[in-house]
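The values are calculated or read from the model by the stated rules, or taken from the named source; none is laboratory data. Note that this is a predicted model, so its numbers are computed, not measured. Positions of Cβ are backbone-derived with ideal geometry, glycine not excepted, and every protein chain shown enters the neighbour counts.
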């Protein structure tokens with residue numbers, strides 16, 4: 001009998017140690033970022049671009065990366081939303097045969113799992129072939145492809161949960177399939193959709209591998225779709241190991257901003273889900 | 001009056017507070033040993049909670065507050081000295097829907113035995129056979145002992161759960177509406193088994209069919225929305241109820 | 001034509017186009033990677049590429065063996081670390097933690113899952129690399145820069161934690177409480193119930209979670225690239241640098257323009273990455289779906 005109790009006690013300790021390790025990792029991550037990043041945050045960081053060459057330059061800030069990230073992630077997320085919404089609505093039973101929608105969902109699952117570097121490489125191949133090469137446009141397309149599976153899946157799950165009686169109610173009033181899909185379904189599924197969009201956006205802002213070769217790097221703010229551009233993740237990637245502390249600080253500041261964005265997205269999507277749930281009929 | 005020595009379970013001022021209301025309030029019950037006690041009352045008035053408090057399964061739930069004492073063989077089960085798994089071994093549980101463990105028929109019955117240290121294969125074999133026989137299931141499964149338990153019919157699964165429960169030789173068998181998910185024939189088999197069991201075990205049977213209670217009970221407790229209204233020997237409560245609510249329930253006026 | 005009907009028609013057709021496009025995307029990616037790899041596969045056989053040990057693109061040598069080994073070691077060790085910790089954490093969260101603690105841990109996991117890989121890499125560089133260099137390696141009497149297989153593995157395992165933990169917690173919580181009660185009422189302890197009932201009932205989900213975690217670790221590029229050392233040779237110990245397939249692509253891409261076969265070799269690596277991750281993910285999803293159908297948990 002004692003052996004059983006002892007075994008349970010040992011494993012309970014191991015369990016607590018495991019949870020401690022997991023939570024501790026996050027604490028370390030946030031701590032490191034805040035500590036290193038916080039001390040690098042000055043007004044200049046936000047308002048100036050890197051000057052004097054991006055690897056060796058001691059001056060300037062990360063404005064080019066901040067704007068670059070916005071110019072990349074916002075259009076990409078918007079596009080992914082549009083496409084994702086179309087697909088998610090199409091997946092509903094009234095448009096497709098179950099086998100077809102099963103196949104589509106499987107493809108989305110596959111796309112979800114593809115490492116982001118593969119998206120980057122693929123996009124670059126295409127853009128080079130077209131003749132555009134490394135550019136803001138290439139980066140946007142790569143991010144769009146990356147975000148589509150994430151956003152579509154969340155939309156799909158949310159829309160699936162809309163009770164069929166609501167849709168039937170709309171049909172009986174004379175709406176077409178498309179109209180019902182758009183109006184009724186959209187309202188009910190809103191919390192889940194918003195959560196998905198925010199997560200997609202978060203991914204788009206934070207991902208480095210897909211934009212590494214497609215968007216390139218630069219110390220200027222991009223002025224056209226065909227310019228290369230820096231972004232927060234690539235800034236960290238290129239500068240984190242620089243021998244110059246002032247250069248490294250740009251990486252830390254970028255990491256700080258990224259973590260703040262991710263945390264905010266997490267908080268906001270939770271809060272939004274709770275708030276909009278009041279419109280949803282259970 | 002029941003002699004003190006013959007009481008197996010006794011609750012003193014048991015209160016269970018869950019989900020912002022009292023599920024059980026001020027419950028004082030005496031359950032006599034080696035008899036079948038039926039707990040009757042309208043649905044949702046705390047009968048299952050009462051049962052699950054006896055073997056402290058309520059500990060599993062969040063947000064539950066329990067106060068009062070439950071004495072089993074004179075010992076308060078909420079006492080910190082009490083070894084909970086051992087105490088639970090004394091009480092077998094048969095639920096409303098059968099829940100066979102995700103393993104073979106054999107292993108379901110052997111589960112409790114193995115936990116408590118029985119390892120010898122021959123001993124396990126004969127024990128499993130014995131308890132399956134007690135539960136009236138042996139002949140139907142003796143050729144497929146190592147099949148998954150999930151392949152049995154609902155009635156068979158319930159008998160398997162009974163075998164599993166008595167395999168660890170409890171003193172008390174707690175039954176929570178064990179026949180409500182079964183067809184009439186299977187239900188009858190279980191009822192026969194319960195009657196057989198009370199020779200050796202104390203049986204506490206929660207039921208919301210009065211007829212079942214009348215068929216099986218030696219002793220009755222009437223629980224009405226968390227409070228004990230009346231308790232006593234079966235023929236007293238059924239034929240000569242003292243409380244007007246009891247009278248009304250028995251007549252079928254309230255349910 | 002009725003305006004509403006027209007809008008309906010166009011809307012439906014647009015949805016169809018988007019869907020077709022996206023559904024076939026993975027196939028298109030596969031084909032293009034394959035096509036680009038053909039170039040190098042014409043000059044060297046696949047077994048030569050996979051088994052030879054010299055990765056020297058300037059000399060035209062494209063032996064992937066050391067990199068494949070590096071990938072297996074890094075991924076393997078990261079899972080070795082991540083699986084027990086994740087399982088134990090998941091058990092704690094779903095079976096032992098009081099409600100309040102459970103509510104606190106949830107957001108922790110969400111945030112961990114949302115941290116970008118590049119930040120993981122940065123933190124590993126700031127914390128683990130000096131730790132290995134100044135504390136762990138000297139303890140073993142080895143000299144190390146800290147950029148090594150061990151650092152990469154530990155980083156990957158932290159990235160994999162939230163994946164395995166959330167899938168397992170979901171699965172454990174889906175097991176009916178009556179099953180757990182059935183085990184407890186025979187006198188089993190909570191831990192025995194976990195061992196004998198919960199793990200058994202969730203086994204397919206646990207396997208699926210591990211497969212998905214593996215897929216993630218295998219395909220992780222940036223974080224590994226930042227701390228693994230980037231040396232395309234079989235690491236002589238865990239404290240020495242190595243290279244993985246995903247990280248190789250990131251490292252080499254800049255240089256490949258000058259060497260003709262180089263690009264094709266990297267496309268082949270990307271193809272391998274794609275196929276392996278695909279296999280593991282599909283396997284993971286299939287196992288999960290089949291488990292849900294069979295057990296209902």
Among the residues that make up segment C:146-166, is at least one of them within 14 Å of chain B (Cβ to nearest Cβ) and under 30 Å from residue A:6 (Cβ atoms)? no
Out of all the residues in segment C:199-230, which are modelled with pLDDT of 90 or more and in a loop (DSSP other than H, G, I, E, B)? C:220, C:221, C:228
Residue that is touching a helix residue (DSSP H, G or I) at 6+ places or on another chain (Cβ under 7 Å) and modelled with pLDDT of 90 or more, where the choices are A:45, A:15: A:15
Modelled with pLDDT of 90 or more and part of a helix (DSSP H, G or I): does that describe residue C:138? no
Which condition breaks for residue C:84 when tested against (1) surrounded by fewer than 22 Cβ atoms within 10 Å (Cβ to Cβ); (2) farther than 16 Å from residue C:214 by Cα; (3) at pLDDT 95 or above? (2)
Please verify whether segment A:228-237 includes one or more residues that are within 11 Å of chain C (Cβ to nearest Cβ) and touching a strand residue (DSSP E or B) at 6+ places or on another chain (Cβ under 9 Å). yes
Can you tell which of C:101, C:72, C:67, C:85 is in a helix (DSSP H, G or I) and within 15 Å of the chain's Cα centre (by Cα)? C:72
Count of segment C:25-42 residues which are surrounded by 13 or more Cβ atoms within 10 Å (Cβ to Cβ) and out of contact with any strand residue (DSSP E or B) (no Cβ under 8 Å at 6 or more places or on another chain): 12
Options C:115, C:74, C:111: the member that is closer than 26 Å to residue A:36 by Cβ, surrounded by 21 or more Cβ atoms within 10 Å (Cβ to Cβ) and at the interface with chain A (Cβ under 7 Å from one of its Cβ atoms): C:115
Is it the case that segment A:142-164 has a residue that's surrounded by 21 or more Cβ atoms within 10 Å (Cβ to Cβ), part of a loop (DSSP other than H, G, I, E, B) and modelled with pLDDT of 90 or more? no
Only one of (1) closer than 23 Å to residue C:105 by Cβ; (2) more than 12 Å from chain C (Cβ to nearest Cβ); (3) modelled with pLDDT of 85 or more is not met by residue A:243, so which one is it? (1)
Only one of (1) away from chain A (no Cβ under 14 Å); (2) in a helix (DSSP H, G or I); (3) in contact with a helix residue (DSSP H, G or I) (Cβ under 8 Å, 6 or more places away or on another chain) does not apply to residue C:95, and that is (1)
With the structure loaded, tell me whether residue C:131 is assigned to a helix (DSSP H, G or I), surrounded by fewer than 20 Cβ atoms within 10 Å (Cβ to Cβ) and out of contact with any strand residue (DSSP E or B) (no Cβ under 6 Å at 6 or more places or on another chain) or whether it fails that test. yes
Can you tell which of C:62, C:9 is in contact (Cβ under 8 Å) with a residue 60 or more places away in the chain and either touching a helix residue (DSSP H, G or I) at 6+ places or on another chain (Cβ under 6 Å) or not assigned by TED's automatic domain parsing to the domain that holds residue C:267 (or both)? C:62
Test for residue A:113: is it within 14 Å of chain C (Cβ to nearest Cβ) and either surrounded by fewer than 21 Cβ atoms within 10 Å (Cβ to Cβ) or under 19 Å from the mean Cα position of the chain (by Cα) (or both): yes
Given the structure, is residue A:36 under 27 Å from residue A:141 (Cα atoms) and at pLDDT 80 or above? no
Which of the following residues is in a loop (DSSP other than H, G, I, E, B), touching a helix residue (DSSP H, G or I) at 6+ places or on another chain (Cβ under 8 Å) and either within 27 Å of residue B:39 (Cβ to Cβ) or away from chain C (no Cβ under 12 Å) (or both): B:93, B:132, B:101, B:174? B:101
